[in-house]
There are 2 protein chains.
Amino acid sequence: MAEFQGGENLLFLTDEQLRQGIEAMFFAYRGFTADPDRILATLAYGRAHHRAIHFISRSPGTTVNNLLAILGVTKQSLNRVLRALVEDGLVDSRVGKSDKRERHLYLTEEGEALERKLSDAQRARMRAAYRAAGPQAVAGFRQVLKAMMDPDMRRRYYAIRETDT
Amino acid sequence: MAEFQGGENLLFLTDEQLRQGIEAMFFAYRGFTADPDRILATLAYGRAHHRAIHFISRSPGTTVNNLLAILGVTKQSLNRVLRALVEDGLVDSRVGKSDKRERHLYLTEEGEALERKLSDAQRARMRAAYRAAGPQAVAGFRQVLKAMMDPDMRRRYYAIRETDT
DNA sequence: TTGGAATGTCAACAAAGCTGACGTAATGTG
DNA sequence: CACATTACGTCAGCTTTGTTGACATTCCAA
């Protein structure tokens, strides 16, 4: 793939086209987070809580260290968020069986309810965008996003996905 | 366009597919901002400064109010950023001719130098992603991003683009 | 001439990131 | 077994970037 060269086919790599892509990314990301943000604001939670909830929901029983690697924040920052979620009864933190230093994280029923509420909102927008653009566009969208990630993040992420999808 | 229904063509709208799109968006956005962030960190500036510089560069002479509408932040927040940029000699704020309440914003030479440095880094990543994915994928990418924006942002943005592109 | 719009600024605060330091428990290694 | 390392939590302090609310100035327009 990616076989194209010369002439018109390179027009989409002009600085102007790239700038438009950059701006589209900025505005789309704002739209992408807008709906969950509105819900979170009513609950005294923020985007950081959403991210934690999302990835715990995706990989129940994940450890704190795993989460740190995926989210790319410091443990102090994540800990602040997790503490709130545990105190509020949205997340359950269980000592590891084989390795008792680890904490395995699970959503409680209440946590799953919030997760559903948040991701329903986000998926609704995603679904609308996918539907408006069509399957071919979606395939391209995913390709470009994948290529835009940091290489090691891409490797790690797609490695995980192959094992659990 | 967007004519498809039933059967396999809807597979790309499963919750699992949507979730993967959501995560790809998260990781890609991080990659998208990583390079400029590294440059900004060496200069005691942040993403907010980058955004202001970007949109002033894109529309020289834009007013503070225009910028507020595009960036979607409060004037206090933007003002803090603009003040720093003006004090550091990166941005020139000129009183409007017809309406002297307005300030028209321009990048100084130094400001344009930084803009180039930042957007070169960001464009390099964008270009690499575009090149890896190919023109068709890029078209789809842009379509999906456009559909993901807030409707009024989309309207405003694409309206502006039609006039000055 | 007066009301309202555009701008700037002060103060106070919150979310969410960071560094650095320290403690504890559990595990791995020599 | 002794010791180093790992996983996690926590305290303190700082930064960036957002928020409200209040208020002054300038100036256009009715």
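Readers should treat all values here as calculations from the given coordinates under stated rules, not as data from a laboratory. Note that this is a predicted model, so its numbers are computed, not measured. FYI the Cβ positions are ideal-geometry reconstructions off the backbone, even for glycines, and counts take in every protein chain you see.
Quick look at the numbers
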{"item": "Pairs of alpha carbons in the range B:38-119 whose separation is greater than 19 Å (percent)", "result": "29"}
{"item": "FRET efficiency for A:Asn65 and B:Arg83, using Cβ-Cβ distance with R0 set to 56 Å, rounded to 0.05", "result": "0.85"}
{"item": "Copy-to-copy label separations for B:Ala113, where each label sits 7 Å from Cα toward Cβ, in nm and ascending", "result": "5.9"}
{"item": "Whole-Å semi-axes of the ellipsoid equivalent to the protein assembly as shown (Cα gyration tensor, √5λ, descending)", "result": "35, 26, 19"}
{"item": "Other-copy label distances relative to A:Gly61, 7 angstrom Cα-Cβ extension, nm", "result": "6.4"}
{"item": "Per the axis that maps chain B onto chain A, nearest residue of B (Cβ criterion) and its distance in Å", "result": "B:Gly140, 1"}
{"item": "7 Å along Cα→Cβ, label-point gaps from A:Thr74 to other copies, nm, shortest first", "result": "2.6"}
{"item": "Shielding by partners - mean other protein chain Cβ count within 10 Å, residues of B:68-74", "result": "1"}
{"item": "Theoretical FRET efficiency, 1/(1+(r/R0)^6), r = Cβ-Cβ of B:Lys117 and A:Leu43, R0 30 Å, to 0.05", "result": "0.15"}
{"item": "Degrees, to the nearest 10: B:151-164 long Cα axis against longest axis of chain B", "result": "60"}
{"item": "Helix-derived mean residue ellipticity, 222 nm - over the protein assembly as shown, DSSP H n ≥ 4, -39500 (n - 2.57), to 500", "result": "-22500 deg cm²/dmol"}
{"item": "Per-residue average of Cβ from other chains inside 10 Å of B:111-123", "result": "1"}
